[in-house]
1. Filter region 245-265 down to residues that are more than 16 Å from ligand 2 (Cβ to nearest atom) and surrounded by fewer than 24 Cβ atoms within 10 Å (Cβ to Cβ) and give me whichever is farthest from E676 (Cα to Cα).
2. State all residues of region 338-379 that are more than 15 Å from the chain's Cα centre (by Cα) and within 16 Å of ligand 2 (Cβ to nearest atom); if no residue qualifies, say none.
3. Of everything in region 314-335, what is free of Cβ contacts under 8 Å to residues at least 40 places away in the same chain and acidic (D, E)? Give them in sequence order.
4. Touching a residue at least 24 places away in the same chain (Cβ under 8 Å), under 30 Å from E221 (Cα atoms) and within 16 Å of ligand 1 (Cβ to nearest atom) - does that describe any residue in region 381-397?
5. Of the residues in region 338-356, how many are touching a residue at least 40 places away in the same chain (Cβ under 8 Å), under 19 Å from W568 (Cα atoms) and within 16 Å of ligand 1 (Cβ to nearest atom)?
6. Listed residues R513, R567, R572; which is within 29 Å of L384 (Cα to Cα) and either in contact with a strand residue (DSSP E or B) (Cβ under 7 Å, 6 or more places away or on another chain) or assigned to a strand (DSSP E or B) (or both)?
7. Among the residues of region 289-320, which ones are more than 12 Å from ligand 2 (Cβ to nearest atom) and either of a type in the set (D, E) or in a helix (DSSP H, G or I) (or both)?
Amino acid sequence: MRDAAPTTIYLKDYTPFGYLVDSVHLTFDLAPNATRVTSRIAFRPNPDALDRQFFLHGEQLKLIRATVDGVEITPDVTETGLTAVVPDAAFVWEAEVEIDPGNNTALEGLYISNGMYCTQCEAEGFRKITFYPDRPDVMSIFTVRINGALPVLLSNGNPTGKGDGWAEWNDPWPKPAYLFALVAGDLITHPGQFTTKSGREVELNLWVRPGDEGKCAFGMEALKKSMKWDEDVYGREYDLDVFNIVAVDDFNMGAMENKGLNIFNSSAVLASPETSTDMNFERIEAIIAHEYFHNWTGNRITCRDWFQLCLKEGLTVYRDAQFTSDMRSAPVKRIHDAIDLRARQFAEDNGPLSHPVRPESFQEINNFYTATVYEKGAEVIGMLKRLVGDEAYAQALELYFDRHDGQACTIEDWIKVFEDTTDRDLTQFKRWYSQSGTPRVSVTEDWTDGIYTLTLKQRTDPTPGQSDKLPQVIPVAVGLIGANGDETMPTTILEFTQEIQSFAFEYTVEGWRLQGCEGPERVSGANPPKPTASILRDFSAPVILEHDQSSAERAFLLAHDSDPFNRWQAGRSLAEDTLIKMILTDAAPETDYLDGILAVLRDSDLDPSYRALMLGLPSQSELAAMMHEQGVTPDPVAIWTAVETLRQVTAQHVQDLLPRLHSETSIEAAFSPDAEQAGQRALGGAALALTSRLDGGAKAAEDYQRADNMTLQLSALSCLLRAGKGEQELNAFYDRWQDDRLVMDKWFGLQVAMSAPAETADIVSHLTGHPDFNWKNPNRFRAVLGALATNHAGFHRADGAGYSLLADWLIKLDPVNPQTTARMCSAFQTWKRYDADRQALIRNQLTRIAETPDLSRDTTEMVTRILN
Ligand code: 0A1
Ligand code: ZN
């Protein structure tokens with residue numbers, strides 16, 4: 001059965017549900033194709049509701065019987081739910097339904113993955129388990145009994161009893177249905193223990209399939225660190241006797257924060273040095289923290305409706321970023337986040353899928369788990385913190401937890417705690433939640449009579465549904481640097497609120513200062529040299545900065561900026577400038593870039609991970625976006641060629657340093673995934689990549705042989721593949737790892753990622769015919785087709801082979817797994833940047849997808865938005 005006709009849901013239409021739910025009792029009699037779910041729900045009229053219509057959501061359920069206060073009734077059942085006549089007073093609803101988890105390939109509701117029952121209920125999956133008011137503002141206390149002949153039977157909350165073939169659970173904390181979870185299977189635990197600050201003993205378990213026991217230790221430690229950090233930094237304590245994490249192979253997203261029973265994509269929790277890269281370890285640590293932090297920001301305080309998704313997601317991403325900064329390197333984390341935001345969120349915000357951090361309408365909420373809601377949502381919180389200061393932020397959060405514990409809230413509630421704490425009027429700030437699109441901030445400088453003035457101008461281009469934009473509050477962190485490279489004004493936050501605004505700086509006995517601020521006297525009559533401005537330090541706002549600096553100024557900042565982010569940014573801007581020039585005019589790489597990089601690499605006082613980042617280049621897709629913004633149609637092949645050339649020339653330019661940098665990978669101490677060793681391996685790996693451009697992969701072949709961890713093994717293999725070699729190693733890798741599904745995802749993905757543009761589509765075709773290409777598994781599907789979409793020049797091959805291949809597979813996947821299909825449609829979101837021929841080819845594919853009979857609601861919404 002396919003989806004009902006799409007309807008659009010609006011934020012402005014919100015009304016509360018007519019009933020409150022005092023308790024929910026669920027009994028599951030598990031059977032692969034005929035699981036019985038019995039629900040007993042205590043309802044009572046909601047005094048705050050205007051409408052008493054009794055509608056329960058329900059999809060793909062076979063209703064066996066329903067009773068109200070014990071009397072059998074015949075509700076009116078449709079494809080989306082049921083209505084019934086019920087008393088105008090408290091009553092008990094009971095229903096028994098039958099569901100088919102064995103045939104649930106959409107991975108939403110109750111499904112089976114490798115023989116293990118598991119659930120995914122966010123956003124609206126609970127309605128595929130039983131009839132219920134499946135909306136986040138309906139919160140209740142759940143008691144669950146699971147009957148099933150499986151060794152491990154789990155649900156939310158605390159265990160209250162178990163025996164042969166059954167288990168009971170009670171969750172004392174009221175929660176919405178999207179946080180419900182059930183897991184049943186043959187699982188093994190990696191146990192742990194945590195004592196909370198008030199002395200509660202918490203039993204921890206990381207449940208995995210037999211065979212994966214060796215990949216649990218890191219995740220368990222990450223969990224304990226997260227629990228401790230949330231106590232130390234936010235004063236948040238865990239609130240149940242057990243905390244269970246389960247790893248599952250078939251999962252649409254990274255992980256899910258179900259109360260007391262987090263369910264993880266196995267790729268987001270299982271790790272070992274032999275099978276996981278340093279990047280995997282860092283991501284796993286962050287996701288475990290993220291899901292754990294949801295216990296307060298999401299679960300104890302949840303969202304009133306799905307339009308408020310950023311209330312829990314933006315805040316929780318912000319919190320997990322703080323955690324990673326504390327556990328690892330704060331500047332490196334900030335740079336990673338800026339790279340990621342620009343690559344994913346800016347692309348979304350400046351194309352047909354652009355939407356506000358708090359959307360105002362949707363057809364399918366699953367399509368709004370986006371970089372805008374998550375990552376821009378987190379940036380908005382970072383800006384708020386910068387504006388009010390650390391202390392006020394801490395007070396506002398205290399108030400938020402106090403005032404709203406146990407409630408389903410809105411962005412208005414969130415903003416209000418800041419207004420009440422600081423007495424600030426945040427009306428204008430709220431535009432960050434309602435206005436879509438990335439603001440562009442352009443900078444002009446003036447230097448008159450010893451006064452240095454920055455004039456900032458902001459503009460946001462029209463986005464779908466929003467033609468006119470109003471100015472936003474943008475915290476712009478600025479520092480000034482003197483001619484000798486010393487900082488002459490420390491970082492100062494400019495509150496940029498108007499369309500055009502000037503900020504003047506004057507010279508005082510202690511250096512430069514924003515005019516009008518308190519402090520030492522201006523030195524009158526002095527004739528100071530013009531300072532150099534370092535603007536948008538620490539990436540203080542998610543905006544595009546348009547600052548026409550000369551190469552010399554950028555090189556100066558690259559050498560001297562005390563702000564690590566902007567120092568990196570100076571190098572990045574030099575790289576962008578030289579690449580764009582190379583693409584447009586066939587120019588040779590600029591020496592300012594090459595010498596700047598050389599100096600950074602030589603500076604052994606700099607953290608290796610930071611030096612490795614300095615060697616990074618903008619992605620080819622970002623270069624395409626920049627060209628498009630400059631009014632030039634990007635040619636993917638020309639972009640690819642310029643990047644290859646710059647790499648080659650860089651390798652030659654820094655050649656003498658490469659052996660020493662590469663030796664960073666030879667670490668004597670035992671392997672640790674910590675930031676320090678990971679940084680060394682990152683720098684050594686970057687050096688290997690450059691070395692391979694000069695020695696044809698000889699060093700990489702040696703590294704492959706000596707590699708005793710996955711980071712080194714994979715970086716060596718990538719270099720070989722990039723050099724057009726490595727066939728033997730690829731086969732050896734397959735033989736070694738064919739039984740490890742997470743490593744095999746890497747094997748599939750790497751071949752696509754490293755392929756030369758002319759060959760990408762053919763390699764993808766070949767791999768999709770491989771017996772291990774299990775396309776119904778989202779990780780495997782993404783490993784291959786996701787890698788196709790991110791191989792810029794390969795995907796955009798002029799004959800359209802990349803486009804049609806992706807479309808073929810999306811059409812095939814849609815009836816099986818609409819969520820993953822819809823998410824991957826975003827590969828086409830940038831189509832209007834390219835030339836007319838490519839646009840026509842893409843339009844054909846999008847139209848072909850759109851016209852597929854019985855296309856899911858998810859995918860229909862995505863392709864329609866992209867086409868418009
Ligand atoms: N809330 C989870 C992400 C998530 C969202 C939707 C899902 O299924 C549609 C699954 C997970 C998080 O933020 O981690
Ligand atoms: Zn989340």
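The values are calculated or read from the model by the stated rules, or taken from the named source; none is laboratory data. It should be emphasised that the depicted structure is a prediction, and the values quoted were computed from it without experimental measurement. Reconstructed Cβ throughout: ideal geometry from the backbone, glycine too, with neighbour counts over all protein chains shown.
1. Checked region 245-265; the qualifying residue farthest from E676 (Cα to Cα) is D250.
2. R358, I365
3. The one that is free of Cβ contacts under 8 Å to residues at least 40 places away in the same chain and acidic (D, E): D320.
4. yes
5. Number satisfying all stated conditions: 0.
6. On the way: R567 fails: either in contact with a strand residue (DSSP E or B) (Cβ under 7 Å, 6 or more places away or on another chain) or assigned to a strand (DSSP E or B) (or both); R572 fails: either in contact with a strand residue (DSSP E or B) (Cβ under 7 Å, 6 or more places away or on another chain) or assigned to a strand (DSSP E or B) (or both).
Checking each option against the conditions leaves just R513.
7. D305, W306, F307, Q308
Table: residues versus (1) modelled with pLDDT of 95 or more; (2) over 34 Å from the mean Cα position of the chain (by Cα); (3) not basic (K, R).
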site	(1), (2), (3)
T508	no, yes, yes
T532	yes, yes, yes
R567	yes, no, no
A570	yes, no, yes
